[in-house]
Amino acid sequence: MKRDLVSIILTRQELQIMKAVWKLGTATVKQVRKEICAEKPTAYTTILTLMGILEEKGALAHSRAGRAYVYRPLLSRWQATHNQLEDVLARFFDGDAEKLVEYVLENEVKGPEQMRNIRCLIDSGMENQVA
């Protein structure tokens, strides 16, 4: 069952697999497992199952190369990030971006240097909107 790319929300494990596929460009289950096992040992069958789920969601597609399936991403890293952020914004902040920014500023900014960097980003964003 293929879904629209804007509706795909990834679980933590699915994101881990997608990061490996994005890094590799195209990948077999074996190649993804090698990438993931560098951080945390994971069973081949677990990765195979999750890649099948990602294909059902429409995030991955495969073609056959000999006996192996080679997967390629249909969901871009940008689209996945956008989808997740939209989901968090809607579910936790009632769609209010200002509430999200307020939360980040109050709870996630770690020191004056980071705050200066954020101010620069905001200022450059405002310049782009005026231009």
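The values are calculated or read from the model by the stated rules, or taken from the named source; none is laboratory data. Worth saying up front: this structure is predicted, and the values here are computed from it rather than measured. Here Cβ is always computed from backbone atoms with ideal geometry, including for glycine, and neighbour counts include all displayed protein chains.
I'd like the residue in the stretch 31-59 that is in contact (Cβ under 8 Å) with a residue 40 or more places away in the chain and not in a helix (DSSP H, G or I) and, out of all such residues, is surrounded by the fewest Cβ atoms within 10 Å (Cβ to Cβ).
Gly58
Is one or more of the residues making up the stretch 78-86 over 21 Å from Val29 (Cβ atoms), in contact with a Gly (Cβ under 7 Å, 6 or more places away or on another chain) and outside the structural domain of Ile17 (by TED's automatic domain parsing)?
No - not one qualifying residue is present in the stretch 78-86.
Kindly indicate whether Ala59 is of a type in the set (Gly, Ala, Ser), under 17 Å from Arg72 (Cα atoms) and either modelled with pLDDT under 95 or out of contact with any strand residue (DSSP E or B) (no Cβ under 6 Å at 6 or more places or on another chain) (or both).
yes
On the basis of being more than 19 Å from Gln13 (Cβ to Cβ), without any contact (Cβ under 8 Å) to a residue 24 or more places away in the chain, more than 18 Å from the chain's Cα centre (by Cα) and not in a helix (DSSP H, G or I), does Val101 make the cut?
So Val101 does not fit the description; no.
Within the stretch 69-80, identify whether any single residue is assigned to a helix (DSSP H, G or I) and of a type in the set (D, E, K, R), and answer yes or no. Explain how you work it out, then say what you get.
Our first condition is that a residue be assigned to a helix (DSSP H, G or I); within the stretch 69-80, this holds for 77-80.
If we keep only those that are of a type in the set (D, E, K, R) too, we end up with 77.
Yes, there is a match, as at least one residue in the stretch 69-80 is assigned to a helix (DSSP H, G or I) and of a type in the set (D, E, K, R).
Looking at the stretch 87-96, can you tell me whether even one residue there is part of a helix (DSSP H, G or I), within 28 Å of Ile122 (Cα to Cα), in contact with a Gly (Cβ under 9 Å, 6 or more places away or on another chain) and at pLDDT 95 or above?
yes
Residues to consider are Asp94, Asp87; find the one that is without any contact (Cβ under 8 Å) to a residue 60 or more places away in the chain and not polar (S, T, N, Q).
Of Asp94, Asp87, the one residue that is without any contact (Cβ under 8 Å) to a residue 60 or more places away in the chain and not polar (S, T, N, Q) is Asp94.
Any chance you could count how many residues in the stretch 89-131 are of a type in the set (Val, Ile, Thr) and either surrounded by 12 or more Cβ atoms within 10 Å (Cβ to Cβ) or in contact with a strand residue (DSSP E or B) (Cβ under 6 Å, 6 or more places away or on another chain) (or both)?
3
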